[in-house]
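Student: Got a structure for you, questions after.
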Amino acid sequence: MKRDMKRNTKAVWLLVLSVVLSGCAPGQPIDPQPSPKATAVPLASPTETPILSVTPECEKDTASVVLTASADNLNVGDTVKITVTLNNEGCVALGLPQYRLDLQSDSTTSILTPDPPEPVVHYLAVSPGQSGSVEFELTAAAAGQVVLTAAVSYEVHLGYPGPAYWGSAAGGEALEITVTP
């Protein structure tokens, strides 16, 4: 009886693992062919838990950031919309992207406000081949020139539950905005 319970428990765990690895939703048929991406390690004794080994198809992220502005010449009091776009050029999803905008000038006062703008976090992943973007709205507060750059950090999982790491991409070309009185 005890041996049958252990066999049944082992069979249930293998069924759960095959459902998870096949990626099918509950109620959908399970592909009877084993996944080439995962293999269960045989048990050395009946008391051990099976170990799952996952081989990632891709081992690093590849992304770029593009920075655009609705205008590059402003008068004090005008607003400008700055768009930061993250392009996922790799083969892994980029989770929890955090978009940052940096303002640099020689002035002792802020030319654009808020300075610095608060980072924006998206709570969804950017899939391979896709892009995500945020828009920052800034107000021209003083005359002068300001250079804007952007960076995005994100979470990368190489299989589940891991390994995982934090990656980042910086804006390709800096933007220069001029504010006149």
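Values in this text are rule-based calculations from the coordinates and carry no lab data. On a predicted model such as this, the values are computed, not experimentally measured, just so you know. Cβ sites come from the backbone with ideal geometry, for glycine too, and all protein chains shown count toward neighbours.
Student: In whole Å, how far is the Cα centre of segment 120-143 from that of segment 62-94?
Tutor: Here the answer is 6 Å between Cα centres.
Student: In whole Hz and in residue order, list the ³J(HN,Hα) couplings for segment 101-109 that follow from phi through the Karplus curve 6.51 cos²θ - 1.76 cosθ + 1.60, θ = phi - 60°; x for Gly and Pro.
Tutor: Per residue, the Karplus-derived 3J(HN,Hα) values read 10, 10, 10, 10, 8, 8, 6, 7, 10 Hz.
Student: Residue 67: net charge of surrounding residues, Cβ under 13 Å, Lys/Arg +1, Asp/Glu -1, itself excluded?
Tutor: The answer is -3.
Student: How far apart, in nm, are the 7 Å Cα→Cβ label points at residue 168 and residue 72?
Tutor: Inter-label distance under the simple model: 2.6 nm.
Student: Could you go through segment 134-146 in sequence order and give the Karplus-derived ³J(HN,Hα) for each residue, using 6.51 cos²θ - 1.76 cosθ + 1.60 with θ = phi - 60°, rounded to whole Hz, and x for Gly and Pro?
Tutor: Per residue, the Karplus-derived 3J(HN,Hα) values read 9, 10, 9, 10, 10, 10, 6, 9, 8, 6, x, 10, 9 Hz.
Student: Taking amide H positions as placed 1.01 Å from N in the peptide plane, with prolines and chain starts having none, which residues 5 or more places from residue 74, or on another chain, fall under 5 Å of its amide H?
Tutor: Sorted by chain and number, the residues that satisfy this are 178, 179, 180.
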